[in-house]
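S.K.: This is the structure I want to talk about, given as structure tokens.
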Amino acid sequence: MHRRSDMLMGDRELETLRRHGFGVAYRMLGSVSEAEDVAQETLLRFTRQEGAIDEPAAWITTVATRLSINVLRSARARREAYVGPWLPEPLLEDPEPGPAARAELADSLSLALLMLLERLNPVERAAYLLREVFGYEYAQLAAVIERTEANARQLVTRARKHIEASRPRFDADEATRDTLLDRFLAAAEEGDLAALEELLAKDAVLYADSGGKAMAPPQPLVGAALIASFMAAVAQVRPLSGEFETRRVRVNGQPGRLLRGPDEPQPGEAERRAAAGEMARVASGEVDPQQLAALVRRAREAAAAREAAAGRQAAAAREAAAGRAAGTVPAQQAESRVWSVLTVDVVDGRIQAVRIVRNPDKLAHL
């Protein structure tokens, strides 16, 4: 008689396997939602297996990797057509692990590494992660990706050449990194350009991922002075109603900040065109923080006015249809959502990269 593979496992053991599958899939895909789907499908297949599985974690790794390769292949065209810089979906980590565990997470889960992995094809990405992150021997690795051992070695070598030269080596002192982010955010709030530039590496880069669904620079901003101006401008802009909730978080092993506020008015086509033109000027350094802040305010005010007008029209239509006045939702009851997640990479005592996720689709899981 055969036993199903999960017969002797409790909920805790199965959850541990699911989380392991998620860790494999997330590193492969850079997407929380897609990784959750892969992890669930992997665990479902595990529970349906007839007969004992000697090494459940290895089995989960194999299936999650193969499923992720298929997802990456189908997602390639979507990512190539993505509007603006593409960033992985941020993963807010459990604050409980100790410093050693967090350091390991910072290295293998960082947005910087996940962005570099985008340069690889799906099989190269799998080979690199299995070897460099999960410590697989080449024979094991080859079996997972269904290649010869010699080919697996070639894939890992090629992937290393693409990744290692550009891979940042983060400062190990966690307290120093956190303090640097605090100083950076405080200087942005105060509009202190000199202080911001002092905290940034001269060749620092800012990536803002909006997917075309929120206002953000369409290209990376390069250089301390330009990033300082942009951050000072953004800090001047506040929602039209409600309040921001600001929370310090750890994002993929790096210090970060989560910003939550009332639902953001979506800019119309006219505002998008105006913002795109001004953002292009931002990249050239022609716009100062006050000008940029005024631009963002005007776009949000126009979007809010348009939404309010549409709301009044809808209310009037409901009143006419129902023969009674339609109630409105007070501003203070408007739905609150995550506006952005910001994280920084600290290298040699300076902020080397600023990454801001603004795409609401990538923040929906938070």
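The values are calculated or read from the model by the stated rules, or taken from the named source; none is laboratory data. Please read these numbers as outputs of a predicted model, since none were measured by experiment. Heavy atoms of the whole protein, side chains included, go into the accessibility calculation; ligands, DNA and RNA do not. Shrake-Rupley method; radii C 1.70, N 1.55, O 1.52, S 1.80 Å.
S.K.: Taking amide H positions as placed in the peptide plane 1.01 Å from N, state which residues far from Leu200 in sequence (5 or more) or on other chains have amide H under 5 Å from it.
M.R.: Under 5 Å from the amide H of Leu200: Ile351.
S.K.: Additional query: Could you report region 116-178's accessible area per residue, 1.4 Å probe, as an integer in Å²?
M.R.: Value returned for region 116-178: 50 Å² of accessible area per residue.
S.K.: For Lys362, give me every one of the lysines with a C-alpha distance below 16 angstrom, ignoring sequence neighbours fewer than eight places off in its own chain.
M.R.: Straight-distance partners of Lys362: Lys213.
S.K.: Which whole-angstrom value gives the distance between the alpha carbon centres of region 147-200 and region 75-93?
M.R.: Answer, in whole Å: 18.
S.K.: Order the following by accessible area, largest value first: Thr47, Thr148. Probe radius 1.4 Å; ligands, DNA and RNA are ignored.
M.R.: Thr148, Thr47
S.K.: Put Trp59, Trp339 in order of accessible area, largest first, 1.4 Å probe: what do you get?
M.R.: So the residues, ranked largest to smallest area, are Trp59, Trp339.
S.K.: Sticking with this one: Go through region 132-148 residue by residue and turn each phi into a ³J(HN,Hα) via Karplus (6.51, -1.76, 1.60, θ = phi - 60°); whole Hz please, and just put x for glycine and proline.
M.R.: 8, 9, 9, x, 6, 6, 4, 5, 5, 4, 4, 5, 5, 8, 6, 10, 6
S.K.: Right, another one. Taking H as built 1.01 Å from N, whose amide H comes closer than 5 Å to the amide H of Val251, not counting residues under 5 places away?
M.R.: Gly256
S.K.: Whole-Hz ³J(HN,Hα) for each residue in region 210-217, computed from phi via Karplus 6.51 cos²θ - 1.76 cosθ + 1.60 with θ = phi - 60°, x for glycine and proline: what do you get?
M.R.: 10, x, x, 10, 7, 6, 6, x
S.K.: Non-local amide H neighbours of Val346 (under 5 Å, H modeled in plane, Pro and chain starts lacking H): which ones?
M.R.: Asp171, Gln352
S.K.: Mind ranking Met231, Met9 by accessible surface for me, highest first, 1.4 Å probe?
M.R.: Solvent-accessible surface, decreasing: Met9, Met231.
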